[in-house]
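Report on the structure given below.
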Amino acid sequence: MFLFWGGEAKAGVLAERLAQFPQWNTKPPTQKVAAAEDLMYPYWIAGTWNVTSTLVDLVAPLAPDIVTPGFENNRRYLNEPVTFPVRFQVVNQNDFQFSIFNPKSKIQNLKLQGSVVADRAFNGLNIATAVLGSSAILSVKTDPHNPNRQITLLPGERQLVSIVTSRASEIPNPDQFISTEVSQQIFRSPTQLYLNQVETTTAYRRLQAPGAVIEADQITAVYLSPQDPNYFAAAERPVALYRYRLEFFP
């Protein structure tokens, strides 16, 4: 049985997309999201985790004709693990009950009521700080009326606004969860305005072996905005692809 949250998708479409990496020629199949809707995760991801993220591959599919700013500089992160905490919390968006699996006792021992969503501000701040350093980030805020709108304040009166515009998800089996989100990103500074679109597609897998409790394969794809002079040349194809391996430890 396939279950879908936050957007409908045909069974296996996202899994097939991951298997085709880096041969991505279009954006993923998604549905637009309303401002109040958030991405709901399976119950087994609820909690606070230490995540080790490693960039394992990066591709510029349209190089040398089109290369995004900063792509070459990002090669320095290749195969360099980065660790940071993330949090997925229970909110009472919907009225249903489930149990949290305790990896230490091997039993489901805590019944909760609600939906599991990411703490986007907490996660965004910790990820950005781990990658860029604490001095490079002033704050990360999520719109209290729209969980899909996030603002990152940077030194020098700069800010990055990220708005999730569409998403989809699928559950191949009870121990797997695949999601994709497409966001509009706006970078503002006193002298510059830069726009693009970013896709984040992640396949989570719950593990039964000792060590990491969850592992994930995550791909970030960057697309040009209609305001970019190379937009029509790119023709909906990604101009940068980054692939990460994630390991979640309690």
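General observations
- Selected from THR129, ASN74, ALA60, residue furthest toward positive end of dipole (the chain; charges at beta carbon): THR129
- Mean accessible surface per residue for the range 112-250, computed with a 1.4 Å probe while every protein chain stays in place, in Å²: 45
- Dimensionless Rg/Rh of the chain - Kirkwood Rh, Rg from C-alpha atoms: 0.95
- Sites count as exposed loop sites when they are trypsin sites (Lys or Arg not before Pro), lie in a DSSP loop, and have at most 10 other Cβ atoms within 10 angstrom; the longest stretch of the chain without one is 107-250.
- Once each of the GluC sites (Glu not before Pro) sitting in a DSSP loop with at most 14 other beta-carbon atoms within 10 Å is removed, the chain keeps 9-156 as its longest stretch.
- Over the chain: helical MRE at 222 nm, DSSP H runs n ≥ 4 each giving -39500 (n - 2.57), nearest 500: -2500 deg cm²/dmol
- Helix 120-132 axis, angle to the chain major axis (alpha carbon atoms, nearest 10°): 50
- Gyration tensor (alpha-carbon) shape descriptor, the range 37-85, a/c threshold 1.5: oblate
The values are calculated or read from the model by the stated rules, or taken from the named source; none is laboratory data. Treat the numbers as computed from the prediction; the structure is a model and nothing was measured. Counting neighbours? That spans all protein chains shown, and the Cβs are built from the backbone with ideal geometry, glycine included. To get the accessible areas, we keep the full protein, side chains included, count just its heavy atoms, and leave off ligands, DNA and RNA. Shrake-Rupley method; radii C 1.70, N 1.55, O 1.52, S 1.80 Å.
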